[in-house]
Amino acid sequence: MARTETSEGAIAAASLRVLSSDYRPVELLLEFADSRAISVEAYDSASPGLSTSAPIGGGVPKSNRLDGNQQSHLDRMEVRAWQALYELGADSGWEAAVTRAPKSVVVITSIPDARRREKLRDFLFSGAPPNLVMREAESVRPAISPIWPRRPVGGNSIPLAEGILEARYSDASERSRFVTSISSVSKTLVGLAFERERLRERRSALHSCPCAADLDALLRATETRLAQALHTEGQLVSEVFGAIPPSTSHIPVSYPEAREMDAALQSLFSAARESSSQQRDTLIQTIRRLVSSRQSSP
């Protein structure tokens, strides 16, 4: 089997399986950025004039097509799965995610605590629903990376704001607590911004199902927590770089903005990719701009 992945474009990953004897393609799996997955399988045709492989442009093969009732059932099941993550506090963007396979709803979990994983499993499968699957993230992560948020890879240089931080906190343990706190809040912000983006995508994708309206409450709850996390991050940043004037904007921070802030904070307080006073000042201005433009009291 050959597989390729990309972070750009509509198709996030593609896998091709061929026979080892004659390299005839027998299966193509396309995974889209919006979590759709289309599987195209080869079949043996009774007509000698037809190809032995299903045409790629034909979309989903007949065996994978769902009628309206089946599609609606899966849509409702997906919404219920999103609600389950919310009700069990596993909707941080980092611990669990909901995605779709051609004929099932798949809940992927990376919850470290075994008891919480079992609680989620019991909650999801309390009514023995068909077409619902729960998988551990480690077994499938390479194939479904688009459903997880991302953080920047650490750098090798000394944190750019280390001198500023030392002037603010003379005690090393205080500096350590600050760095841990701001890194944790930044991770929360990235996860929630990503979760909001995923919910918005699924709300749009399921618009034809009345059940999609049930995602609105989850979106509002996520946006409230997102505002709270940004407010906390603004307070922490203000401790070191001075007060940041609040904004009247009520537009939630976007996932790209959250990642930009996260990368800037990592360079300032954890490990920089490059070291210069100009770069430091630029990142400080970036943080102040992004926090101020999106900050609102929870």
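Of note:
- Pick from region 166-207, criterion touching a residue at least 24 places away in the same chain (Cβ under 8 Å) and small (Gly, Ala, Ser), ranking: surrounded by the most Cβ atoms within 10 Å (Cβ to Cβ): Ala193
- Picking from residues in region 130-144 that are part of a helix (DSSP H, G or I) and at pLDDT 60 or above, the one that is farthest from Pro102 (Cα to Cα) is Glu138.
- Residues that are in contact with a Leu (Cβ under 6 Å, 6 or more places away or on another chain) and either farther than 13 Å from Arg116 by Cβ or in the same structural domain as Arg220 (by TED's automatic domain parsing) (or both), drawn from region 94-106: Val105
- Set side by side, the residues Phe178, Phe123 differ, and just one is aromatic (Phe, Trp, Tyr) and modelled with pLDDT of 90 or more, which is Phe178.
- Residue within region 160-170 that is among the aromatic types (Phe, Trp, Tyr), farther than 21 Å from Gln83 by Cα and not in a helix (DSSP H, G or I) present: yes
Every residue, every condition in (1) in the same structural domain as Thr180 (by TED's automatic domain parsing); (2) touching a residue at least 12 places away in the same chain (Cβ under 8 Å); (3) surrounded by 19 or more Cβ atoms within 10 Å (Cβ to Cβ); (4) in a loop (DSSP other than H, G, I, E, B), yes or no:
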site: Ala221; (1), (2), (3), (4): yes, yes, no, no
site: Thr224; (1), (2), (3), (4): yes, yes, no, no
site: Ala229; (1), (2), (3), (4): yes, yes, yes, no
site: Gln235; (1), (2), (3), (4): yes, no, no, no
site: Ala243; (1), (2), (3), (4): yes, no, no, yes
site: Pro252; (1), (2), (3), (4): yes, yes, yes, yes
site: Arg259; (1), (2), (3), (4): yes, yes, yes, no
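- Yes/no for Ala213 being of a type in the set (A, V, I, L, M, F, W, C), in contact (Cβ under 8 Å) with a residue 24 or more places away in the chain and either more than 21 Å from Gln83 (Cβ to Cβ) or assigned to a helix (DSSP H, G or I) (or both): no
- Of the residues making up region 223-240, those that are small (Gly, Ala, Ser) and touching a Ser or Thr at 6+ places or on another chain (Cβ under 9 Å) are Ala227, Ala229, Gly234.
The values are calculated or read from the model by the stated rules, or taken from the named source; none is laboratory data. Quick caveat, the model's predicted, so the values are computed rather than measured. Cβ atoms come from the backbone with ideal geometry, glycine included; neighbour counts cover every protein chain shown.
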